[in-house]
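One structure is given here, and the rest of the page talks about it.
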Amino acid sequence: MSETIQQRPLRAKGKAKTEREADASVIPKEHQGHGEIPSLGGGAAGDSGLVSPVPQRSGVEVCDAWKDQFADAPDVLKKAPDDHQIVKAGDVAVGDGSFVTMAGPCSVETERQLMETAQRVAAAGARILRGGAFKPRSSPYAFQGLGLEGLKLLAQAREATGLAIVTEVMAAADAPMVAEYADILQIGSRSMENYALLEAAARTGRPILLKRGMVATIADLLRSAQCVVSYGNPNVMLCERGIRTFETATRNTFDVSAIVVLKEIARLPVIADPSHAAGRRRMVPALARSAVAAGADGLIVEVHPDPERAWSDGEQSLTLVDFDTMMADLAPWCDLRAACSYALETVA
Ligand code: PEP
Ligand code: MN
């Protein structure tokens, strides 16, 4: 439990005085003798002998505070520094220290669109094909997805390329059907707190890609992950996809800090979605780099052979060439990440 101002004991006079005298020696002469120099960090005592009541916390206390904050998700938190859930989908392992890229169109549109994209992203190093067959759209007039037809096309693309498939499930009743075709079930941002859906998806036994709600805190995300784990499915990946803030220049605000926090406290792999965070394709490679640098275990990126004509999210979809370039540019960053091995590090 964190220390409150009222609980904090007053510090004895002697030692603090000495520190203050030491501080004075580094203050330029012209600034000396003009009354109190405010202390930084609450450490130094004034003439009254009382310390400033700003709490000082060590790193360990901060981690303890996090444990309190995330106490509702006990099975999601690390029990030891090397406590990591490795999530397997097809022959792909996520969270084992390697960096895994999922890529593909926002929506499955046509056989040609999906096959062309799948072949190209596989050749560029992606291991998992994304594509929505059931689409959560803000407008009832927007394309809602091909449904079962889309699932069949995804399975066909897996057959042709060997890529594992991740696709969104939107309704609890659809979970068994989606699980029949997909290797990973995506729970979309808008569904993160749909507990009936979380249960139905969890019970299929397929790994779950759980996207952070756009107004969900890290604790909210972990609580939803805990639900999935509690329903007997430990294979959950946490996805940072940008959150709603006052900023309007980007579609969402990419919360890179969340990646760092999650990597530190959670035993589940962390995936970054720079596409939905940015909303603009030009920003995607830079956000992807920041995700690698922050220690994410992988990316999910929207790619389309002709983004200008995409049926959904074309503005944020990379072209096939953009994707090739991004993957080539990311390679040295991924090597650095592996060399640092901070992806598997934690604070004890
Ligand atoms: C998507 O992945 O296409 C999608 C709709 O994502 P989100 O749920 O993060 O908005
Ligand atoms: Mn999309």
Contour minus Cα-Cα span, F143 to D83, at 0.36 nm per residue, comes to 17.4 nm
At 7 Å along Cα-to-Cβ for each site, give me the label-to-label distance between E308 and A93 in nm.
4.5
In what sequence, largest accessible area first, do Y195, Y141 appear using a 1.4 Å probe?
Y141, Y195
Considering only the other residues whose Cβ falls under 15 Å of the Cβ of A175, what net charge follows from Lys and Arg at +1 and Asp and Glu at -1?
-3
Give, as ranges by residue number, the residues of the range 128-155 whose backbone N falls under 18 Å from the point 7 Å along Cα→Cβ of R190.
131-148
Expressed in angstrom and ordered largest first, the alpha-carbon extents of the range 217-348 along the principal axes are 45, 32, 31
Scalar couplings 3J(HN,Hα) for the range 99-105 by Karplus 6.51 cos²θ - 1.76 cosθ + 1.60 (θ = phi - 60°), nearest whole Hz, x for Gly and Pro, are 10, 10, 10, 10, 8, x, x
5 angstrom amide H check on I165, placed H, neighbours 5+ away:
L129, D183, I184
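The values are calculated or read from the model by the stated rules, or taken from the named source; none is laboratory data. Just so it is clear, the structure is predicted and the values come from calculations on it, not from any experiment. Don't worry about glycine lacking a Cβ; one is built from the backbone with ideal geometry, like all the others, and counts go over all protein chains shown. All accessible areas refer to the heavy atoms of the entire protein, side chains included, with ligands and DNA or RNA removed. Shrake-Rupley method; radii C 1.70, N 1.55, O 1.52, S 1.80 Å.
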